[in-house]
1. Taking only Cα atoms, what is the 0 to 90° angle, nearest 10, from helix 35-45's long axis to the longest principal axis of the chain?
2. Per 0.36 nm of contour for each residue apart, how much would the distance between Asp203 and Phe319 grow if the chain were fully extended, relative to their Cα-Cα spacing?
3. Just order 52-59, 141-148, 21-28, 67-74 by mean Cβ neighbour count inside 10 Å, highest at the front, would you?
4. What does the convex hull of the Cα atoms of the chain come to per residue, in Å³, rounded to a whole number?
5. Please give the contour-minus-distance gain from Gln105 to His32: 0.36 nm per residue of separation, less the Cα-Cα distance, rounded to one decimal in nm.
6. Under the Kirkwood approximation applied to all pairs of distinct alpha-carbon atoms, what is the hydrodynamic radius of segment 63-202 in Å?
7. Could you tally the net charge around His87, taking each other residue with its Cβ under 15 Å from the Cβ of His87, Lys/Arg +1 and Asp/Glu -1?
8. Keeping to pairs on different chains or 8 or more places apart, tell me how many lysine pairs in the chain have Cα atoms under 23 Å apart.
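No value in this document is a laboratory result; all are computed from the given coordinates. Everything numeric in this text was worked out from a predicted model, so none of it was measured. Ideal geometry is used to build each Cβ from the backbone, glycine not excepted, and the neighbour counts take in all protein chains shown.
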Amino acid sequence: MKPLSASSEKPRATSSLLERHTIGPIPLAERHGSGKGLFGIWLGINMLPLTVVTGAISTVLFELPFWWAFAAIVIGNLIGGVFMALHAVQGPQLGVPQMLQARGQFGARGAALIVAIALVMFVGFFISNLVVGAQALHQVIPALSVTAGICIATTISLTISIFGLKLIRVVVTMWALIIGLLIVASLLWLGFSGLSGTTLSGDFNAVGFFSVMAIGAVWQKAYAPYVSDYSRYLPAGIGSRGAFWGTYGGSVLSTVLVMSLGALVGAALPGSEPMVGLGTLLGGLGVFVLIAFALASASTNAGNIYCAMLNALTLGETFRKGWLPSEW
């Protein structure tokens, strides 16, 4: 077993898709990528059915008019994204996962509790995305039960996460482009389908507005415990600017787009489950959108289980000092 600090060893070839370093430091010779690559990852991470459902809360639960809901979503994510993305700048400098960095403030044993909490949170994200994605797929294919959809999605997520960040980056960026185009098409469809006037009007209420702002901010800050898990492969000399703006821009833009779509669906069909309402409003396009969201949820959700795995390994290394899973 080699200690975690031993990063001076001559790096091995990196042509394999399978990730080898797990929680160990990334050698300088194996650093690659740019802020643009991070932008693609974070653009795709939030394009999920769960984001649509969360956005619908603004107009259904808090009963905000759509445009006030949109403003609250934008402001909340812009503010929360700053605190989240600031953590990403540590990745290129330290080259280790986010929660391993917490030892600098709390010590190895002191950080163990924080790592355990983050592990539970990531698993919670993973499960939530599985359920909502499977429900969306069930709306399109009634013969496929939600339970079966969860099993299929879990298999896809786990398979991708086993290979690590390289495959996750490719898959998430691909879905970012696909879902992004579908969201634009959906917004155009809804814009030309008569959703205006009473559908988007209503009375402003301060409680709802600031609550939605808080939801947007917390949504972004909840990612803070794992942003360096993605930025740690960037070259050390890239500086903080690329890591910050790539993470901030991709995460905020995608969240605002998808939450706004959910808010629009909630305003139009407040009594309907958001993903069902989305399919109803989009007509023929709805089938493709729901299937794409379900598949995206199964694929990009690999990022949650990947980061949960890094936290589990970090927790294990706390009690077996210097242990690296790559050296089994």
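1. It is inclined by approximately 50 degrees.
2. 36.2 nm
3. Values: 52-59: 26.5, 141-148: 11.9, 21-28: 19.5, 67-74: 21.4.
Descending mean neighbour count gives 52-59, 67-74, 21-28, 141-148.
4. Enclosed volume per residue, from the Cα hull, is 128 Å³.
5. Difference between extended and current length: 23.5 nm.
6. Result for segment 63-202 stands at 19.2 Å.
7. On the way: positive: Arg103, Lys221, Arg232, Arg241; negative: Asp229.
Charge balance in the 15 Å sphere: +3.
8. Close lysine pairs found across the chain: 6.
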